[in-house]
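Let me begin by presenting the structure, written as structure tokens, before commenting on it.
The values are calculated or read from the model by the stated rules, or taken from the named source; none is laboratory data. Only a predicted model underlies this, so the values are computations on that prediction, with no experimental measurement involved. Reconstructed Cβ throughout: ideal geometry from the backbone, glycine too, with neighbour counts over all protein chains shown. These area figures cover heavy atoms from the full protein model, side chains too; ligands, DNA and RNA do not enter into them. Shrake-Rupley method; radii C 1.70, N 1.55, O 1.52, S 1.80 Å.
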Amino acid sequence: MIVSQILKSKADVGVISVKPTDHVRDAVKILSAKRIGTVVVSSDGVALDGILSERDIVREMGKRGTTCLDEPVSGMMTAKLVTCKPSDSALDVLEMMTEGRFRHVPVMEDGKMIGLISIGDAVKARLAELAMEKDALEGMIMGH
């Protein structure tokens, strides 16, 4: 399965974003309310400036305490992003995530972000592929 198929299968809730100037505390409220693990950081709602995850926030709180919650997102976000294309396979995305030790990948097309793939999305797609392969193999063995 490829990334474009994964995006089509997801509930169309859009990608939640915050501005680089927003406080981390505001991003935390969004993460909690939406029950998500990551927000995209964008100054204009189109360009991708970075990404902020629960892990980023917890790591900083562990180092500096809760005072970091009153700082701008831009100081805590990951600005150097790894992205994927709609034509990439679920397996490629899983390998990317495993090597980079992250759980979300923005999907880029023509310089614009068109979606966000989580590790759960990629695993679900890969399991669906494996189930189809298993069924096909069983069909061949049984002579169907």
Quiz prompt | Accessible surface, per residue, of region 31-135 when the full set of protein chains is kept, probe 1.4 Å, Å² | solution = 58
Quiz item: Taking N as the number of residues in the chain, what is its Cα Rg relative to 2.2 N^0.38 Å?
Solution: 1.23
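Just to confirm a number: summing +1 for Lys and Arg and -1 for Asp and Glu over residues other than R25 whose beta-carbon lies under 10 angstrom from that of R25, what do you get?
-3
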Quiz item: Can you give the angle from 0 to 90° between the axis of helix 54-64 and the longest principal axis of the chain, with both taken from C-alpha atoms, to the nearest 10?
Solution: 40
Quiz prompt | Signed unit charges on C-beta, dipole axis of the chain, positive-most listed residue A128, S32, V105 | solution = S32
Quiz item: region 37-110: which trypsin sites (Lys or Arg not before Pro) are DSSP loop and have at most 11 other beta-carbon atoms within 10 angstrom?
Solution: K80, R101
Quiz item: Considering the dipole of the chain built from charges on the beta carbon (Lys and Arg +1, Asp and Glu -1) around the Cα centre, which of A11, I51, L94 is farthest to its positive end?
Solution: I51
Practice problem: Answer rounded, prolate or oblate for region 75-125, using the Cα gyration tensor with square roots of eigenvalues a ≥ b ≥ c: rounded when a/c is under 1.5, else prolate when a/b is larger than b/c, else oblate. | Solution: oblate
Quiz item: Among 89-95, 41-47, 20-26, what's the highest-first ranking by average C-beta atoms within 10 angstrom per residue?
Solution: 89-95, 20-26, 41-47
Quiz item: Taking the Cα centre of the chain as origin and charging only Cβ (+1 Lys, Arg; -1 Asp, Glu), how large is the dipole, in debye to the nearest 20?
Solution: 460
Quiz item: Within the accessible area of the chain, what % is carbon and sulfur when the probe is 1.4 Å and the other protein chains stay in place?
Solution: 56
Quiz item: So in region 1-79, what percent of DSSP beta bridges are antiparallel if you round to the nearest 5?
Solution: 75
Self-check item: region 48-137: Lys pairs at Cα distance under 24 angstrom, eight or more positions apart or on different chains
Solution: 5
Quiz item: K19: which aspartates and glutamates have alpha carbons under 15 Å from its alpha carbon, excluding same-chain residues fewer than 8 sequence positions away?
Solution: D44, D49, D70, E71
Self-check item: Within region 102-144: Cβ-based charge dipole about Cα centre, in debye rounded to nearest 20 (Lys, Arg +1; Asp, Glu -1)
Solution: 220
Quiz item: By how many degrees, 0 to 90 and rounded to 10, does the Cα axis of helix 119-142 deviate from the longest principal axis of the chain?
Solution: 0
